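This report refers to the structure that appears directly beneath it.
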Amino acid sequence: MSKPNRRKIRTFALLLCIITFTTFLFSYTLRDPSVYFFKYASRLSDSFFAKGPCACRQCVTELEDDPWFAERFNQSIHPLMTRENSVLSDETFKWWQWLQSERHPANFSGVVEELFRVIPDEVLYMDASPERCRTCAVVGNSGNLMGSKYGSLIDSSDFIIRMNQAPTAGFEEDVGTRTTHHVMYPESAKDLDINTSLVLIPFKTLDLQWIISALTTGTIKHTYVPVMSQIKANKDKVMIYSPTFFKYVYESWLEGHGRYPSTGFLTLLLAIHICDKVNVFGFGADQYGNWHHYWEDNTLSGAFRHTGVHDGDYEYNVTLLLADKHKIQMFKGR
Ligand code: C5P
């Protein structure tokens, strides 16, 4: 083969390689380029600055830098229930039973035994290490998400934790599309995707019986209101919020304010305990002082603040303090 011909073939092969590579890169990022931008930009900066107990730039659990946080944070209490930590102290059991007092509660340990025959008994997420940088988005239901365009940023986290009725369909641009964990209780339950973990907050023994029933026979249809008798959820991805942790959140973090913590605040503390970096969306009022849900038009509903059982203002102030101390990052929306 002549020299000019060989050069032509080589140039052609090189061109082909470049075209194939750029086509691959382009089609990959086109699905949602901003997701990849946010993800990799933040990963890059995180690993560049990494030092302390996790591989993020700043880790939630760096205790020595803040006495207020260190006084409240107790890493030894696991947020999720296992057979082993399900044995409650008398004091915890009494407090927990008082939340939504049941007239004739079933035998607690018997129900727990039955529960772990239906769902996995695993210690989850207690794997903090200097190599781990687990980023989490806690997505509350505030109307301040409307028009925020946080969707891509939310979707770029490792864990995306939503709660109660939280819809995504129709609100993708503002709230994102992915949900790795959905926190609920029987009266706020909804069907989930097969890949989403269901985190149940139990307020009474009947709630544990309800999740067993909702995943199997569907016999429980009523608690203090009608509830879903069956739920679409992956049994292998169901986890239970620990009553001991619930009491710890109420006493250590809310110092007894309100009757008990809101779903949002309980979820925030769950994230602080299982994540290395926590971004918070959809908490608090919108720019006009309205406390409605992002999927509701009625800005006068005051959906969250005036429930009567939670101290919305106190919770919000603690949340702001956590942000001031760089333990979480707040995205206040519109
Ligand atoms: O109303 P719901 O309890 O379903 O909302 C989930 C959580 O989102 C609340 O528990 C609260 O922490 C947060 N939220 C809020 N401001 C709102 C609505 C909800 O902070 N306007």
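FYI, it's all coordinate maths here, none of it is from the lab. As the structure is a computational prediction, the values presented were derived from the model and not from experiment. Cβ coordinates were reconstructed from backbone atoms using ideal geometry, including for glycine residues, and neighbour counts include every protein chain displayed.
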Just need the relative contact order of segment 132-176 here, percent rounded to a whole number, with Cα pairs under 8 Å and 6+ apart. 51 percent
Classify segment 230-330 from the C-alpha gyration tensor, please: rounded if a/c falls under 1.5, else prolate or oblate depending on whether a/b exceeds b/c. rounded
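When the chain is fully extended, how far beyond the present Cα-Cα distance does GLN165 get from GLN287, taking 0.36 nm per residue of separation? If you can, show how the numbers build up before the last one.
Numbers: separation 122, 0.36 × 122 = 43.92 nm, distance 2.26 nm.
Taking 0.36 nm per residue and subtracting the Cα distance, the gain is 41.7 nm.
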Burial ordering of HIS326, HIS78, fewest other beta-carbon atoms within 10 Å first: HIS326, HIS78
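Is segment 188-252 best put as rounded, prolate or oblate by its Cα gyration tensor, with a ≥ b ≥ c the root eigenvalues, rounded for a/c under 1.5, and otherwise prolate when a/b is larger than b/c, oblate when not?
Oblate is the answer for segment 188-252, as a/c is 1.5 or above yet b/c matches or exceeds a/b.
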Select from PRO261, GLY282, SER229 the residue farthest towards the positive end of the dipole of segment 183-295; place +1 on Cβ of Lys and Arg, -1 on Cβ of Asp and Glu, and compute about the Cα centre. SER229
Which semi-axes, in whole Å and largest first, does the equivalent ellipsoid of segment 152-277 have when worked out from the alpha carbon gyration tensor as the square roots of 5 times its eigenvalues? 23, 21, 13
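Which of GLU62, GLU315 comes first, and how do the rest follow, when ranked by fewest Cβ neighbours within 10 Å? Could the numbers behind the result be given before it?
Numbers: GLU62 16, GLU315 24.
Neighbour counts put them in this order, fewest first: GLU62, GLU315.
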Any idea what the relative contact order of segment 111-188 is, in percent, if you count C-alpha pairs under 8 Å spaced at least 6 apart? 28 percent
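Against the 2.2 N^0.38 Å scaling, with N counting residues, where does segment 86-162 land? I'd like the Cα-based Rg ratio to two decimal places.
1.66
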